[in-house]
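Structure, as structure tokens:
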Amino acid sequence: MSSLEVADGAGTPSTISLDSLPIEVFLMICERIDADTLVRSLMYVNKQFYDIISDNYLWKKRAMHKFNDCNVAFMLTSAYNENTFNWKQFAWHTELEDSCWSEYKTKTTTTVYRGPHFSEVDAVIMAKDGNHCISASRDRSICLWSTAINIINNPMVHKTESHKGWVWDLDIYDDHHFLSGSWDSRVKLWNTDNFSQISQPIQTFRTDAAVLSITSKENFVAAGLYMPKIIAFDPREPDKRLFELLNSHKRSIIDLCLIEDNYLISLSEDKTVSVWDLRTNNTVKSMYLSKDSRFPMCASYHDNILFIGDNRDCIYWLDCSHGLYNIIETVKLERPINDNRIYKLNCIKCTNYGSVITGGNEGIIYILTPTNPPKVIAKVIDSGSEITSIDYQNDTLVVGYVNSYVQVWKKI
């Protein structure tokens, strides 16, 4: 530990070091140090620092100082406990996201991928811990890209005619496999490790209509169709259907997501959100998010909160703790005054405690705090084209556009 020699009252040199300071003084110093330095460096200097910096109260004070004027999504759930909440993770992540994206022009590097796709990119997804991303297009092709900086041979793979229809959705099945869903009424399981132009799918699941959404976990794949129907498969028996949900909705299934492996959430054009319990094979809840013409478009989950974006300009917070699935907040995004355009949220991603990222027909990526009212950390305007899909993993953001581009941002 570095130290400083000073003279005491008798003129005798004495040594002052950081670990000899009173705790109150040390805490004041910590308040002026960024969270990332505290978590990654200072707390591991010695056991004393570790114990002090690990204290929940320090991080709670830090977080509440920043968000004392708004509702925080994760603090409104029925499972929230002020004494057990992970204040360190919350404060750390919120500071990291704010620090990076508020100055994204200098703290990130971006690459735009043009050429391989010649039609709208409807799905993008991160793979292999954020070192790769996958894109799918209406040109029926799938591309595997490296997200590393200054890679010359990109895409690494351009799989043309991967389906016989528009490729509409992607999902990561596990560390070595991904899924694609298409308007050819097929869901295909691919090997990520040896994916190539001549690759053939490991399994092909046949459905009854165009596939608009897919989600998965081990030994389970669910497909939402361009009709009021959800079909589930087991990859070990691709010709056998685990179940079919016919009565949950009255129109097409726009998006699906799994919550804690136990609940299947479906978003439909009939304006409803339905919750299916996979353990009991029963519908737990079906609800309307709004009384007007809005319908849910996209969803993202983190720590008991499901963030749902609609086809206009609202985000709904659902409390998923204890199987409740209650709407606890409706967040309206601010738009320019006297702007009569109809806005639409096409995609939403909760990165962690730190931010919620949205994209839509406005062509702007919004990095928002998970609060109501939301604070805009950044408005990223690059391509200007309508945004169809986004994903985020390990400090890497990937975006798909209507103009056929794929763009990646990586934190420096």
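The values are calculated or read from the model by the stated rules, or taken from the named source; none is laboratory data. Quick caveat, the model's predicted, so the values are computed rather than measured. Every residue, glycine as well, gets a Cβ built from its backbone with ideal geometry; the counts of neighbours run over all protein chains shown. We work out accessible area using only protein heavy atoms, side chains counted, and drop any ligands, DNA or RNA first. Shrake-Rupley method; radii C 1.70, N 1.55, O 1.52, S 1.80 Å.
Points to keep in mind about this one:
- Normalised contact order of region 239-305, rounded percent, pairs of Cα under 8 Å and 6 or more residues apart: 26
- Neighbour net charge for T108 - beta-carbon separation under 9 angstrom, K R +1, D E -1: +2
- Whole-angstrom Cα spans of region 294-353 along principal axes, big to small: 42, 21, 17
- Gyration tensor (alpha-carbon) shape descriptor, region 353-412, a/c threshold 1.5: oblate
- Backbone HN-Hα couplings from phi across region 366-378 [Karplus 6.51/-1.76/1.60, Hz, Gly and Pro as x]: 9, 9, 10, 6, x, 10, 10, x, x, 9, 7, 6, 7
- Accessible-area ranking of Y343, Y301, largest first, probe 1.4 Å: Y301, Y343
- Cβ-derived FRET efficiency at R0 56 Å, Q200 paired with S54, nearest 0.05: 0.65
- Area of E218 that stays accessible when all protein chains are in place (1.4 Å probe, Å², to 10): 150
- Remark: the Cα gyration tensor places region 21-63 in the rounded category, a/c being less than 1.5.
- Taking the protein heavy atoms of region 266-313 in the context of the full set of protein chains, the accessible area attributed to carbon and sulfur is 44 percent at 1.4 Å.
- Taking amide H atoms as placed 1.01 Å from N in the peptide plane, the amide H of C298 lies under 5 Å from those of G309, each 5 or more residues away in sequence or on another chain.
- Per-residue Karplus couplings for region 253-270, computed as 6.51 cos²θ - 1.76 cosθ + 1.60 with θ equal to phi - 60°, are listed in order as 9, 7, 8, 10, 8, 9, 10, 6, 6, 10, 10, 9, 9, 10, 10, 10, 5, 7 Hz, Gly and Pro entered as x.
- Residues whose placed amide H lies under 5 Å from that of V157, excluding near-sequence neighbours: L144
- Debye-sum result for region 197-322 in log10 I(q)/I(0), which assumes one identical scatterer on each alpha carbon, at q = 0.13, 0.17 Å⁻¹: -0.52, -0.86
- Relative contact order [Cα under 8 Å, 6+ residues apart], region 344-385, whole percent: 30
- For Y263, residues with placed amide H under 5 Å, excluding near neighbours: L278
- Ranked order, H249, H158 - accessible area, probe 1.4 Å, largest first: H158, H249
- Subset of K250/K344; K107/K379; K107/K332; K379/K411; K344/K375 violating a 25 Å alpha-carbon distance limit: K107/K332
- Where N is the number of residues in the chain, Cα Rg divided by 2.2 N^0.38 Å: 1.10
- The chymotrypsin sites (Phe, Trp or Tyr not before Pro) of region 91-178 that DSSP puts in a loop, and whose beta carbon has at most 16 other beta carbons within 10 Å, are F118.
- Protection-proxy order for peptides 276-287, 199-210, each taking the mean of Cβ atoms within 10 Å per residue, highest first: 199-210, 276-287
- Accessible surface of F243 - all protein chains present, 1.4 Å probe, nearest 10 Å²: 40
- All Cα-Cα separations within region 48-126 were binned at 10 Å from zero, giving a P(r) of 13, 32, 24, 18, 10, 2, each value a whole percent of the pairs.
- Largest mean-square fluctuation among S41, S385, S216, in a Gaussian network model of the chain whose springs join Cα atoms under 10 Å apart, belongs to S41.
- Per-residue HN-Hα couplings for region 291-297 [Karplus 6.51, -1.76, 1.60; θ = phi - 60°; Hz; x = Gly/Pro]: 8, 9, 7, 5, 9, x, 10
- Helical runs (DSSP H, four residues minimum) scored at -39500 (n - 2.57) apiece and divided by the length of the chain put the mean residue ellipticity at 222 nm at -3500 deg cm²/dmol.
- Across the chain, the relative contact order, built from alpha-carbon pairs under 8 Å that are at least six residues apart, equals 14 percent.
- C-alpha long axis of helix 87-101 to longest principal axis of the chain, angle in °: 80
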